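The structure appears below as structure tokens.
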Amino acid sequence: MFYEKSPGMFRTLVRRNSRRNRKENSLFFLSLLISIIAFYIVLSLSSQDVMLFLQKMESDAVNKLMAMIPLFYGMTLIILFFLIYYAGSFQMERRSHEFGMYLMFGLRRPKLFLLLLAEDFSGSVLALVIGIPVAVLISELTSLVTAKVVGLGIIGHQSSFSLRAVLWTAVGFLLIKSAAFLVLSGKIVRQEVGSLLLDTPKGVKKQKPAAVYLLSLLVGLVCLTAAFGMAAGGISWSQIDKMGYTLALGLLGTAFLFYGLRFAMDFLARRGNRASLSADPRRVKEDCSFQNLQVFDFRQLEETVIHHSGAMAVSFLLILAALCCFGSGVAIARDNNWSKDHVLDYTFSDEAENEKTVLADRGLDTYFSSLFEMKVGHIRTTEDYEHAFQMETVMDALAGLPESYAREILLNNLGYATAPRLISLTGYNMLLDAAGLPVLKLEKGEAGVYIDPEFTDDERTRILNEILSKEPEAVLDGTAIRLTGEVQTTALVTDRMLTLSFALILPDEQFEYYTQGDYSVYLNGILGNEAVEGKSLLQAISAMNQKLDEAGLPYESYLQNMGRQLFYTVASSYLTIYLAIIFLVVANTVIGVQFLMGQQKAGRRYRTLVRLGADYGTLCRSAARQINWYFGIPVVLAAIASLFGERALLTGLLSFEMRESIPEMIRLSVPMLLLLFAVEYLYIMLVRRTSARYLLTLMEPEREE
Amino acid sequence: MENIRTENILEIDFLSKYYGGKSQNQTKALDGVTFQVLEGEFLGIMGSSGSGKSTLLNCIAAVIRPTAGKIALRGAQIQDMEGKELAEYRGKKIGYLFQNFELLDNLTGRENILLPLSLHGISEKESRERLRQLADYLEIADVLDKFPAQMSGGQKQRVAAARALIMKPELVLADEPTGALDSRNAKVLMEKLSGLNRDENATILMVTHDSGAASYCRRILFIRDGRIIHELRRDTPEETQQMFHGRILKVMAQMGGGSENVL
């Protein structure tokens, strides 16, 4: 046998076959490349600028995320394994006749296995050689762009290249590739030569009465409507079993819908018949590019729908998942407006005495344009300090308001506000001054109301302000005081050292009296221009942190505040967008590969069409129409479903306050939908090009023979 | 006689098709074949495997390009056609009947028959009457809405015949149309084709090695090694089909005997 006697021949065959595989199934090769890129990006996440930066601030959360990476890696492995298996099985099926020929020539089965293995391996290595540099480049770009977007460019870019990530990418990729290969080639090599040589069976499936498909279509629609209704109405999120029902309904509905689509296709094909029957001949002539092969197109689609309704349903679910992930990721990221209301850069806790002196000793005070003390203490004038404060007028006023969600929360929260902390007016006014807000003026016997921004929202603040405008009386340790001014919500410290759900701001004298001089002092600092000059604020804070660490002063900086929010933003948007891309790639590859392989199986039909007088342009237009429909069905259905899906997801995942801005968030997701349609367009064009190339092969060789 | 007024519809002039370049291994599939087909004629082409009869048919159907010579359908040179003109020729001027039917298995009978119309953007309205006539004549009216998998071999070939005839082509090319049929269905098909030739004056050029099918023709060309070596003409109306069949068998026996000089 020539292969066995001549290793050179074997190598040539391997090389030529792999090159042909890549050319004929470029979509499959592309999905291999994307798998590699996906692996690398998820694995190199920890080397990205943003993550390196956050590691310093929020090491706990970042570490938790990093601990999840192997999980993501594993999940990606599984998803991509199925993709490679699926796309590979088509390739093997298409070549089965060729394998049969090899065996007929006398190639032994182990040798055939070796041939396939060598082809597969050379393909994998090439994919890695091309894929890894591209992945490194994309990862680097993502790192730079993210850093730029969140304003970290300043921290100094570090290469995100990670050898560990490269190694794991290669290992993971080769692992799934070999696993898929073993299963597929095992199937092929075990087959009888005769069955390999046989042309792929035509696969005529038993037709059921049209009513069955119509019923299935209707049942599918009903199930899906019910599932989305449950999810968007919030029913599904209340209990795990209800979520289970929703999920089951959704999956069942999808399966039924796609099974029943055959009815729609049959209907369209028959309508195509009728349309051409009733059309005016002259007009038909003009529209011939439109009318040509319409019936054929729908019959082709119908066949695919019958044979692959399962795969189509899976593609639909994947695109839907991708759309929901993408939309939510972007919406959540955009909603997290972490840079607003930033006043303070630093707060030093009162654990260390004389922070100011320490700063001055080290010459660090000169970096601050402002350093002021925020005094906060408990009521110390009474033993019964738990019930030292009552504000019945306020509570009555609240209770008299029309019922609303905000009122309920206020009634509940303020009901516990019987032992408020006290804040000294001078410190608070310095804070207001720094924030550029009008200072608070309080007379003796007056108090301002402070609520931390985390405990209120616009609606609640508005209600309280309305009540406070009447200057209601309250009782503080048996003495009447008037609550005046507006509700104060400027954060007392830079991050989370102190968050108060309800506090009273008192003139300094009263403050000293009620606290009996026993209070905490938080030293707030705002960096001066010199410290920030030439750098961004974040870099200035980073530099300052280093100096403060050396001084051993306990402090918190704005970096932590920002870092935490940045982390959630980055983590949620990063991972959802990553998942969206994976889902989208898998779905599109499945659809594309399925179409192209189906087209090759129907090669004989196309040849018949050529003999009946179809020219190349007609065939290409027909294929293009089929491709549009083929991609269009799952994509458009998924886009429609995503409008409900997005709503359902946001209903379930977001807090009540955020739910109110859902229409806003859905609006934000619309550009994402458009972007996704752009991705689909690219895939459609790619598949069209491949299909046109294949159709050309049907036109040419027969003519030349 | 009526035949005097009929004219040549197809003219084949020194048609050659060589494979294998100019090397010693060159195969001459067709070697200077010349003949004419009259309008309304039912012409058979017979020969053993590899004699060149299918190559001849494929050259006329413009599926393969000849090495030399000319093919003219009503004066139009087929060998020079390209692109749209070629597609028009294949779709409108000729109808092709395949040995294995080549029906698209995912289209109903009706859709298969109307496929050529769809390809050339012609309204079905014009051909509705034509479809009805053909369906009635070929006895396929009740399978029009069935898929090929639900039809018998004979029905499939008759649907294929309707597809070949729906555009009223000037020439019907049939490549072993009975090859995949049992004798009963083959007989039905040949009677139908012969009837169409007689009643509608359809010009049919059929390649076959089935003497029974060939006996329906009015003239038969015998081809061997790419050359026409003999011609039989049925003497209608004196000669019955059975007598003609007998003559065909005789020629075939002589050819099969390997005699250089058949006559």
Within the stretch A:563-600, track down each residue that is within 14 Å of another protein chain (Cβ to nearest Cβ) and in contact with a Lys or Arg (Cβ under 8 Å, 6 or more places away or on another chain).
-> none
Of A:Phe99, A:Phe81, A:Phe72, the only residue that is touching a residue at least 60 places away in the same chain (Cβ under 8 Å) and over 19 Å from A:Ala322 (Cβ atoms) is A:Phe99
Exactly one of B:Ile113, B:Ile78, B:Ile60 is buried (at least 20 other Cβ atoms within 10 Å of the Cβ) and touching a residue at least 60 places away in the same chain (Cβ under 8 Å), and that one is B:Ile60
Evaluation of A:Met104 against (1) surrounded by 13 or more Cβ atoms within 10 Å (Cβ to Cβ); (2) more than 30 Å from A:Ile138 (Cβ to Cβ); (3) of a type outside the set (Gly, Ala, Ser) (one fails), failing number | (1)
Looking only at the stretch B:118-152, and only at residues there that are among the polar types (S, T, N, Q) and within 12 Å of chain A (Cβ to nearest Cβ), the one that is farthest from A:Val610 (Cα to Cα) = B:Gln150
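Quick one: which of A:Tyr522, A:Tyr574 is hydroxyl-bearing (Ser, Thr, Tyr) and outside the structural domain of A:Ser369 (by TED's automatic domain parsing)?
Numbers: A:Tyr522 fails: outside the structural domain of A:Ser369 (by TED's automatic domain parsing).
After applying the criteria, what remains is A:Tyr574.
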What residue, among those in the stretch B:225-243 that are outside any helix (DSSP H, G or I) and among the polar types (S, T, N, Q), is nearest to B:Leu56 (Cα to Cα)?
-> B:Thr236
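Go through the stretch A:445-483 and give me each residue that's aliphatic (A, V, I, L, M) and either surrounded by 13 or more Cβ atoms within 10 Å (Cβ to Cβ) or under 43 Å from the mean Cα position of the chain (by Cα) (or both).
Those that are aliphatic (A, V, I, L, M) and either surrounded by 13 or more Cβ atoms within 10 Å (Cβ to Cβ) or under 43 Å from the mean Cα position of the chain (by Cα) (or both): A:Ala447, A:Val449, A:Ile451, A:Ile463, A:Leu464, A:Ile467, A:Leu468, A:Ala474, A:Val475, A:Leu476, A:Ile481, A:Leu483.
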From (1) on the phi > 0 side of the Ramachandran plot; (2) charged (D, E, K, R); (3) at the interface with chain A (Cβ under 10 Å from one of its Cβ atoms), pick out the condition that doesn't hold for B:Lys84.
-> (1)
Name the residues in the stretch A:97-135 that are farther than 15 Å from A:Arg20 by Cβ, at pLDDT below 85 and not hydrophobic (A, V, I, L, M, F, W, C), would you?
-> A:Gly100, A:Gly106, A:Arg108, A:Arg109, A:Pro110, A:Lys111
Long-range neighbours under 6 Å by Cβ, at least six apart or interchain, first residue within 17 Å of B:Gln36 (Cα to Cα) within the stretch B:195-215, second crowded, with 22+ Cβ neighbours inside 10 Å and of a type in the set (Asp, Glu) = B:Thr203/B:Glu41
All-but-one check, A:Asn354 against (1) more than 44 Å from the chain's Cα centre (by Cα); (2) surrounded by fewer than 20 Cβ atoms within 10 Å (Cβ to Cβ); (3) at pLDDT 85 or above, failing number (3)
Which of the following residues is at pLDDT 85 or above, under 19 Å from the mean Cα position of the chain (by Cα), closer than 24 Å to A:Glu303 by Cβ and more than 7 Å from every other protein chain (Cβ to nearest Cβ): B:Leu103, B:Leu97?
-> B:Leu103
Of the conditions (1) in contact with an Asp or Glu (Cβ under 9 Å, 6 or more places away or on another chain); (2) farther than 19 Å from A:Ser520 by Cβ, A:Ser349 clears all except one; give me its number.
-> (2)
Within the stretch B:51-77, residues being in a loop (DSSP other than H, G, I, E, B) and either under 14 Å from B:Leu30 (Cβ atoms) or within 12 Å of chain A (Cβ to nearest Cβ) (or both) number 9
Mind listing whichever residues of the stretch B:147-190 are basic (Lys, Arg) and buried (at least 16 other Cβ atoms within 10 Å of the Cβ)?
-> B:Lys156, B:Arg158, B:Arg163, B:Lys187
Residue that is farthest from the chain's Cα centre (by Cα), among those in the stretch A:176-195 that are more than 22 Å from A:Gly74 (Cα to Cα) and of a type in the set (Ser, Thr, Tyr) = A:Ser195
Per the list (1) at pLDDT below 80; (2) surrounded by 18 or more Cβ atoms within 10 Å (Cβ to Cβ), residue check on A:Ser6 breaks on (2)
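Can you tell me which residue among A:Arg611, A:Arg625, A:Arg605 is at pLDDT 85 or above, within 14 Å of chain B (Cβ to nearest Cβ), crowded, with 17+ Cβ neighbours inside 10 Å and over 33 Å from the mean Cα position of the chain (by Cα)?
A:Arg605
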Out of (1) assigned to a loop (DSSP other than H, G, I, E, B); (2) over 18 Å from the mean Cα position of the chain (by Cα), what's the single condition that is false for B:Glu85?
-> (1)
Residue count, the stretch B:179-194, condition under 15 Å from the mean Cα position of the chain (by Cα) and over 12 Å from B:Gln157 (Cα atoms), comes to 2
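The values are calculated or read from the model by the stated rules, or taken from the named source; none is laboratory data. None of the values given here were measured: they were computed from a predicted structure. Virtual Cβ from ideal backbone geometry, glycine too; neighbours counted across all protein chains shown.
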